[in-house]
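Here is the structure we will look at.
Bear in mind that the values in this text are calculations on the coordinates, not laboratory data. All values reported here derive from a predicted model rather than from experimental measurement. As a convention, Cβ positions derive from the backbone with ideal geometry for all residues, glycine included, and neighbour counts pool all protein chains shown.
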Amino acid sequence: MPSSPNIASAIKEQASILGFDACGFARAEEVDAQARQEYRQWLADGRNGCMNWAERYCDVRDNPQLLLDSARTIIMLAMNYYPQVKQSADAPQFAYYAYGRDYHEVMREHMHELAAFIQNETGACCRCCVDTAPLRERYWAQRAGIGFLGMNNQLILPGKGSYFFLGAIITTLELPCDEPCTLSCGECRACIAACPSCALDEGGVDARRCLSCLTIEQRGELPQWVNTVIGNRVYGCDSCQLCCPHNSSPKPTAIQDFHPSAEFMSLTAATIQSMTDIDFKRVFGHSAVRRTRLEGLKRNASLLKN
Ligand code: SF4
Ligand code: SF4
C-alpha cells in the first residue's frame, strides 16, 4: 500500500509523542547474505548456548515478509530505559533494563497506539513485535538508520548510547526507507576488555560465557566458574554497556513505567533468598525478571559475594 507524502513524517512525529526516542523505516525484505551467514556461523559455533530458541524459525528470521502478508516496511522504534535512580552498589545488582515494569508490556502498549494511528490514517495492516517474533531487531534497526551494532552486541544510537529497548512494527504500508547507519566501533574494544567472563570477541557474544544469558536464561545449576566472576550480579549484567564511551552521559528515561518500586530498591540477597512465590509475584509479577523464575533468582542470589 503506497503512502501519502506526509504520512512518513506524521508517523515519526506520533512515535515521538508516544515516548519513542528513535523511529526509522527499512524495506521489509530478506536479510542480506552476510547477515544470514554470520548468524548461521554463530549458531554452528554453539555461541547461542542455552538459548535454543535462537535455532528455530531461521527462515522467518531471514525474511520478515513471512511474518505479515504483503509486508512492505519495518518501522523500527527505540525507547530509553536508563534509570533515574540506581540501586546502591552493595545491593544485588539487576540489569538496568529490568528495574521497572516489563518492557514487553510497556513497549507493546505504546506500539499498539502507534499501529492504531497508522491503521486509522492509512488502512494499512500492522504487526507489532517486541521479542515476540523471530525478527532480527538490531539488524533492522541498523538498516532503518537508528543505530549500529556495537561489539557488545547492543544497538548503539549515535549521541544517545545503548540503554534502549527495540521494537518493530511490520506494516503493509510502503514508506520511504531511511539511510542505514554506517557507523561502527572503530578502534575501540573497551567492552571486550571489560567483560568479566571473556564472553566477547570480534565475532560477537558467546552466550555460553555471558553472565546475562547465564543468570537469566540458564535453568538448573550454573557452571562452577561463574562463582568467581558473578560479583554481585543477581540478574543480568551491564558491564559491557557501562564501559562504552557512547554511554558516557546517558539521559534518564521519561517513561514512568520503567521507574523501580520502593520494594525493588530495598531488595537484599537475604530478602531474595527468603522470597515466597507470593513475594516474587508481588515484586516481579509485571517485570522482565519473571523470565528467570524464583528458583533462578534464588540460585543467583546464593552465589553473591555481598
Ligand atoms: S553482558 Fe556481561 S558477561 Fe555478557 S558480554 Fe556483556 S559484559 Fe560480558
Ligand atoms: S565499548 Fe567500544 S567496542 Fe564496545 S560497543 Fe562501545 S564503542 Fe563498541
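Data overview
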item	result
Rounded FRET efficiency, nearest 0.05, which uses the C-beta distance separating A190 from N227 and R0 of 22 Å	0.30
Residue among Q14, Q37, Q119 with the largest mean-square fluctuation in a Gaussian network model of the chain, springs linking Cα atoms under 10 Å	Q37
Net charge, I7 excluded, C-beta distance under 12 Å - Lys, Arg +1, Asp, Glu -1	-2
Potential extension, Q34-R293 segment - 0.36 nm per residue separation minus Cα distance	89.6 nm
Centre separation in Å (Cα based) which lies between region 130-175 and region 61-90	6
Listed residue (A190, N227, S274) projecting farthest to the positive dipole end of region 161-302, Cβ model	S274
Value at 222 nm in deg cm²/dmol, rounded to 500, when DSSP H runs of n ≥ 4 in the chain each add -39,500 (n - 2.57)	-8500 deg cm²/dmol
Efficiency of FRET between N52 and E113 - r from beta-carbon atoms, R0 35 angstrom, step 0.05	0.55
Anchor K12: lysines whose Cα lies under 30 Å away (excluding residues fewer than 8 positions away in-chain)	K160, K251
Whether region 190-301 is rounded, prolate or oblate, judged on the alpha carbon gyration tensor where a/c under 1.5 counts as rounded	oblate
Distance between modelled label sites at V60 and I17, nm, 7 Å Cα→Cβ extension	3.3
K281/L43 FRET efficiency (R0 35 Å; Cβ-Cβ; nearest 0.05)	0.50
Whole-number percent relative contact order across the chain, with pairs defined as alpha carbons under 8 Å at least 6 apart	25
